[in-house]
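Participant: This is the structure I want to talk about, given as structure tokens.
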Amino acid sequence: MNYSLLRITLLCFFPLIIFAQETTGRLEGKINDTKNQPIAFADIIVTDTSTNFKYGSISQESGYYLVNNLPPGNTYKIEVRFLGYHTETLENITINLGATTTKDFILKDEDEALDAVVLTIDRTNFKKDNEKLISRKTIAQTPTISRSIQDLTRTLPEANLNSFAGASNRFNNLNIDGVANNDVVGFQEPASGAAGSSANGTPGSLSKTQPIAFGAIKELSVKTTPFDVSIGNFTGANINLVTKNGTNTTKTAIYGFGNNQSLVGKYADGTRQEVNNFYDIQVGASIGGALKKDKLFYFINVEQSLSSLPVLNAPGSATSNIDFETVQLISETLQSRYNYDPGTFTNAELKTVSTKIFARLDYNISDKHKLTLRNNYVNSFSDNLEWNESIFNFGNQGYRHNSIANSLTAEWNANFNNNTSNVLSIGYNKVTEDREFEGRVFPHLLIQDASNRIFAGTYREGSVYNTDLNTFQITNKFNYIKDKHTFTIGALLQYNDIDYGFLSAWNGRWQYNSVENFINDRPSRIRGVYRTSNNTFDFVSNTPSATLDILTTGFYAQDRIRFNDLLTVSAGIRLDNQVLLDELPVSDEVKNTPEFSRFENTINATPQINPRIGFNYYLNDDKKIQIRGGTGLFTGRIPYLWFAYAEYISGTDYFNVDIRPTGETPIVENVEDLASQQPGLTEINLIDNDFDLPREWKSNIAVDFKLPNNFGVTVEGSYTNVINGIFFKSINRKDETATFSGADNRSYFTGTGEAIKINPNFTNVFLLTNTNKGYRYNLTLGLTKRTDQYNGFLGYTYGKSKDISSTVRNSPAANFEWNQSINANNPELSFSNFDLRHKIVSSHSYQFNISNKSDFLVSMLYNGTSGSPFSFVNQGDVNRDGSSRNDLVYVPNDQSEINLIDITDSNGTVITSAEQQWENLNNYINNNDYLRSRRGQYTERNGANTPWNHRFDARLEYGLKLKGSHRISLSLDIFNVLNLMNRNWGKLVFVPNVVNSSFSLLNFQRIENNQPTYQFQIEDATPWVVDTESSRWKAQFGIKYHF
């Protein structure tokens, strides 16, 4: 790392700078006498009885009091004292993460009898903000097999896999104990199946692990529109997680969870599935206690996860469309011709291993000061290889992704006096990742086999992958209470040092239109990237392709005003900023091209001003109806890999080949050997001048009702408008277009190849820029009921999310090429990949007390979603914009509005006539509700939806008290109970390649008479397929021993 004077200056002069995220809750209320007059200057002492740490405050002249910075817990005792009045005490009070607990007191004069005392009014069931809290009790009761954060957030009606309220998960902000713990690079692999990825967007997600051990999580909250200005660095959701701590009582737990082939259903949608031997095991232990009573506490958790899964759908099997003889021929050809063994094609096993070690120390320095140290270490790897019905990867296409993540945090919590408090946190995160593969580095081969695809060689995104991330963070939040006001000020600093060592297709990317062409050494296209100086594998795999130093800063100030017992208003302002400390290169070729010379690859460093205001209002004195809401601006983060692409795909150190051979071309293992055919050819990635970070305007309004018999009802609505969104454009084509004649009258580029390019030395130029188009809204209805033994929730959300690009891919090229549209540089506003639409959540748990020594928990969770969005597209580049994946379909009213051409074999014999294709296409349209509704129009990006998915999970747990404090519990988690009940039930469907969510309806052939021509070859009845893994029931046994 090359430290400049600027970096050193910033680190020295901004010691209190980073986003302050919550690790605590607060207690507030009012103290009156029996005549309902406020009592000023009463002492409020709050004691955490598990550690005997005391927090204090005094009531203001209005009688109002506030106690800040209370760690989540359920062992608090409150004492209220004032001279001449009886001391009142409440015990076993619960403080929740990021929430306000309200306790009002009426003190009685010492001369009055205590039996007439009117004590507290409990308002803990009401939210003070729009947080979604997942408490310690909910964590323990929620059915889970992966023991992941995603399993927990399934209980929220606004959640959709890793997305919340229709926003991209890439713009979430995950905090552990108040310190950001994000995957700042943001490299993602497409998810397969209806279940998606369980850890997307967090460190270690590519090695299929969680960012922290499940056994270390104490509470979790999710906020999408918080109006507290101390919460920031997101436009999606702020996910806040706090960890367990030690107490005066030593507690130990040893546990294990596991499943194998005996605990998996054999049928999906009524069809028998292949079941092979596998195992998935998680074991762990934790211990917490006091090193010195009331003073120094510790908590340690260790978890080990091990799994081994077979790869199904081998060539020649009943579940594969690919012949065994075909892949055997390819393997033999590679071995005999290039002395390269492409790896297994009969069976394979995927292993995933993770080791998580969490340690925490809490030191009560004094009654006013507390210090917390914690370290979170995760070491993991995961094997990656996929075979499915129509795609086969030879064994060497697989790779092992290795990840080591360590996060160290120190927090100082100070209560200087009854009115003044401060929380200071310092954090350091380090993440290193790399990939390893079998065999020598060999070109990535794509061989088309009719409608199937076969891949061989080294995976193009696995040959060079090595990243090193270092994040330094400081947090400070200062509170001052004065009468009705709570003033908060804070500042932020986050410094990221990133060595990004990734090159896509450094080993070359060879494409063949048929197996026959592969055997005859006739590739249709050859692509790859090489380094102009020292292109050896050892050098490029150990030298970062991009180095980034990024500073994120911000300041905030807020006043929370309690106007009276019914109305509280918070108003604040944030200044958010981001600075690239190193200049991104701009090549001389770009500077000398007039159309591109204005681009400087810089971002806007001017701070964004983000005001927010929120309120809580009770309609009457009994406080059984609350209205809450607010509005404000939010600035978020982006994946830093988009800056990395702008550095290394700049035409300075790395160049490209993109050859379309017309004759016999044997495989060349070093792309640089082909560079002489296209000297100086390169792709260019640029950043628009004054590019701004994502910014949104969020508003929220909700009404909470407290009903008899412990029922509660919440009605909530939120609306988000995009101020600065993210958008990628392709800008190396001349503005030479025409319009198709006929019903499909979209515009298209008239030229092809080099003739249409502004600069023929650039394969393409992609621009990262902003857009102000996009919005989303959500309407949620929730019903709760809680008793000592029962917790129940029924929730429904209707959500709609629209954007012009969901930016789900890694590279600028892929984000452009996979963004379905009519005009990809000027797309219409349409549905987001994260559009939620309808979701129903119903969760219920009941604790049966069998005896004074045993109990039995029954917990159930239902998720019903209206299906994931997807797009109907053409296969082929209809408008000649350089992408064969992004052209939306025109749905014809009748045969006259589409030009279909005969499907013939190599001898010219007609296999399927245009007439028959129209009959098949017309029937397909009539049988699809969405396509039928779009006749005479273009399909919309993500306009179609899969059918509803219904998932019902359960957890059963038996607990038995043993001698003393010893206890043992046995659990059984069951996913997809419906399939367990009936082999035909529990079907979950998805569109293949969930991240891009597109289905190719027509195959574009060519342009004739100024009209596009197509072929229709679809044989499947529906665009979606059954997820044969998630559509089967799966169970997991667990055992836990406490002492």
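Participant: Of everything in region 782-798, what is under 16 Å from F164 (Cα atoms) and either surrounded by fewer than 19 Cβ atoms within 10 Å (Cβ to Cβ) or within 18 Å of the chain's Cα centre (by Cα) (or both)? Give them in sequence order.
Facilitator: Hits for region 782-798 are Y796, Y798.
Participant: Taking only pairs six or more apart or across chains, which ones have beta-carbon atoms under 7 Å, a first residue in region 566-594 that is in contact (Cβ under 8 Å) with a residue 12 or more places away in the chain and closer than 22 Å to I489 by Cα, and a second residue that is aromatic (F, W, Y) and in a loop (DSSP other than H, G, I, E, B)?
Facilitator: As it stands, the answer is V569/F563; S570/F227, since those pairs meet every condition given.
Participant: Further question: Looking only at region 281-288, decide whether some residue is within 30 Å of R695 (Cβ to Cβ) and in contact (Cβ under 8 Å) with a residue 12 or more places away in the chain.
Facilitator: The initial filter retains those residues of region 281-288 that are within 30 Å of R695 (Cβ to Cβ), namely none.
No - not one qualifying residue is present in region 281-288.
Participant: Which residues, counting only those in region 583-598, are assigned to a loop (DSSP other than H, G, I, E, B) and buried (at least 17 other Cβ atoms within 10 Å of the Cβ)?
Facilitator: Residues satisfying the conditions are L584, V586, S587, T593, F596.
Participant: Turning to a different aspect of this structure: I'd like to verify a number: residues in region 54-65 that are in a strand (DSSP E or B) and buried (at least 22 other Cβ atoms within 10 Å of the Cβ), how many?
Facilitator: 4
Participant: Looking at region 646-670 only, could you name the residues that are of a type in the set (D, E, K, R) and either in a loop (DSSP other than H, G, I, E, B) or not assigned by TED's automatic domain parsing to the domain that holds R525 (or both)?
Facilitator: Selection gives D653, R660, E664, E669.
Participant: Being closer than 30 Å to G959 by Cα, among the aromatic types (F, W, Y) and either in contact with a Pro (Cβ under 8 Å, 6 or more places away or on another chain) or in contact (Cβ under 8 Å) with a residue 12 or more places away in the chain (or both): is that true of F848 here?
Facilitator: yes
Participant: Looking at I519, is it β-branched (V, I, T), buried (at least 19 other Cβ atoms within 10 Å of the Cβ) and in contact (Cβ under 8 Å) with a residue 24 or more places away in the chain?
Facilitator: So I519 does not fit the description; no.
Participant: Next question, about the same structure. Just to be sure before I move on: is S971 crowded, with 19+ Cβ neighbours inside 10 Å, touching a residue at least 40 places away in the same chain (Cβ under 8 Å) and not assigned by TED's automatic domain parsing to the domain that holds L861 in the structure I sent?
Facilitator: Here the answer is yes, as S971 does meet what is asked.
Residue-by-condition table, conditions (1) at pLDDT below 95; (2) buried (at least 16 other Cβ atoms within 10 Å of the Cβ):
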| position | (1), (2) |
| --- | --- |
| V242 | yes, yes |
| N259 | no, yes |
| A268 | yes, yes |
| R272 | yes, no |
| N276 | yes, no |
| Y279 | no, no |
| G288 | no, yes |
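Participant: Quick check, is S541 surrounded by fewer than 16 Cβ atoms within 10 Å (Cβ to Cβ) and of a type in the set (S, T, Y)?
Facilitator: no
Participant: OK, next. Taking region 994-1043 as the region of interest, how many residues are closer than 26 Å to N926 by Cβ and either of a type outside the set (A, V, I, L, M) or touching a Ser or Thr at 6+ places or on another chain (Cβ under 7 Å) (or both)?
Facilitator: 19
Participant: Mind listing whichever residues of region 81-105 are part of a strand (DSSP E or B) and not β-branched (V, I, T)?
Facilitator: Our first condition is that a residue be part of a strand (DSSP E or B); within region 81-105, this holds for 81, 85, 88-95, 100-105.
Matches in region 81-105: R81, Y85, E88, L90, E91, N92, K103, D104, F105.
Participant: Those residues that are acidic (D, E) and within 30 Å of N476 (Cβ to Cβ), I need them from region 504-563; list them, please.
Facilitator: Filtering region 504-563 for residues acidic (D, E) gives 516, 521, 538, 549, 559.
Residues satisfying the conditions are D549, D559.
Participant: For residues that are modelled with pLDDT under 90 and surrounded by fewer than 16 Cβ atoms within 10 Å (Cβ to Cβ), scanning just region 1018-1043, find the one that is farthest from N833 (Cα to Cα).
Facilitator: Taking the candidates together, the pick is E1019.
Participant: Out of all the residues in region 708-751, which are surrounded by fewer than 17 Cβ atoms within 10 Å (Cβ to Cβ) and touching a Gly at 6+ places or on another chain (Cβ under 6 Å)?
Facilitator: Selection gives E736 alone.
Participant: Looking only at region 883-906, which residues are assigned to a loop (DSSP other than H, G, I, E, B) and within 13 Å of I822 (Cα to Cα)?
Facilitator: The answer is S883, S884, R885, N886, V889.
Participant: Does I45 meet the test of being in contact with a Leu (Cβ under 9 Å, 6 or more places away or on another chain) and either buried (at least 17 other Cβ atoms within 10 Å of the Cβ) or not in a loop (DSSP other than H, G, I, E, B) (or both)?
Facilitator: no
Participant: Please find, among D673, D621, the residue that is more than 28 Å from the chain's Cα centre (by Cα), in the same structural domain as L584 (by TED's automatic domain parsing) and not in a helix (DSSP H, G or I).
Facilitator: Working: D673 fails: not in a helix (DSSP H, G or I).
The conditions single out D621.
Participant: Sticking with this one: Within region 423-452, count every residue that is under 30 Å from H369 (Cα atoms) and charged (D, E, K, R).
Facilitator: Going through region 423-452 one residue at a time, the tally reaches 1.
Participant: Filter region 496-516 down to the residues that are among the hydroxyl-bearing types (S, T, Y), crowded, with 20+ Cβ neighbours inside 10 Å and within 30 Å of L329 (Cβ to Cβ), then identify the one that is modelled with the highest pLDDT.
Facilitator: The residue in question is Y512.
Here's the yes/no breakdown for (1) closer than 27 Å to Q1005 by Cα; (2) among the β-branched types (V, I, T); (3) crowded, with 16+ Cβ neighbours inside 10 Å:
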residue: Q895; (1), (2), (3): yes, no, no
residue: I898; (1), (2), (3): yes, yes, yes
residue: E915; (1), (2), (3): yes, no, no
residue: L921; (1), (2), (3): yes, no, yes
residue: R951; (1), (2), (3): no, no, yes
residue: L980; (1), (2), (3): no, no, yes
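Participant: If you take the residues of region 380-400 that are in contact with a helix residue (DSSP H, G or I) (Cβ under 9 Å, 6 or more places away or on another chain) and in a strand (DSSP E or B), which of them is farthest from N413 (Cα to Cα)?
Facilitator: F392
Participant: Please find, within region 677-701, the residue that is modelled with the highest pLDDT out of those that are surrounded by fewer than 19 Cβ atoms within 10 Å (Cβ to Cβ) and farther than 19 Å from F171 by Cα.
Facilitator: Among them, the one singled out is I701.
Participant: Considering region 475-486 alone, what residues qualify as being out of contact with any Lys or Arg (no Cβ under 8 Å at 6 or more places or on another chain) and surrounded by fewer than 22 Cβ atoms within 10 Å (Cβ to Cβ)?
Facilitator: Correct list: N476, F478, Y480, K482, D483.
Participant: Scan region 833-864 for residues that are polar (S, T, N, Q), under 25 Å from the mean Cα position of the chain (by Cα) and either loosely packed, with under 15 Cβ neighbours inside 10 Å or modelled with pLDDT under 95 (or both) and jot them down.
Facilitator: N833, the sole residue that qualifies.
Participant: Identify, please: which residue in region 329-348 is buried (at least 19 other Cβ atoms within 10 Å of the Cβ) and among the small types (G, A, S) and is, among those, farthest from the chain's Cα centre (by Cα)?
Facilitator: In this case the residue turns out to be S331.
Participant: A further question on this structure: Go through the residues of region 992-1002 one by one and say whether even a single one is within 30 Å of T142 (Cα to Cα) and either outside any loop (DSSP other than H, G, I, E, B) or in the same structural domain as N791 (by TED's automatic domain parsing) (or both). Talk me through it step by step, then tell me what you get.
Facilitator: Of region 992-1002, the ones within 30 Å of T142 (Cα to Cα) are 992-995, 997.
Still in the running and either outside any loop (DSSP other than H, G, I, E, B) or in the same structural domain as N791 (by TED's automatic domain parsing) (or both): none.
No; the residues of region 992-1002 include none that is within 30 Å of T142 (Cα to Cα) and either outside any loop (DSSP other than H, G, I, E, B) or in the same structural domain as N791 (by TED's automatic domain parsing) (or both).
The values are calculated or read from the model by the stated rules, or taken from the named source; none is laboratory data. Just so we're clear, the structure is a prediction, and the values are computed from it rather than from any experiment. Cβ sites come from the backbone with ideal geometry, for glycine too, and all protein chains shown count toward neighbours.
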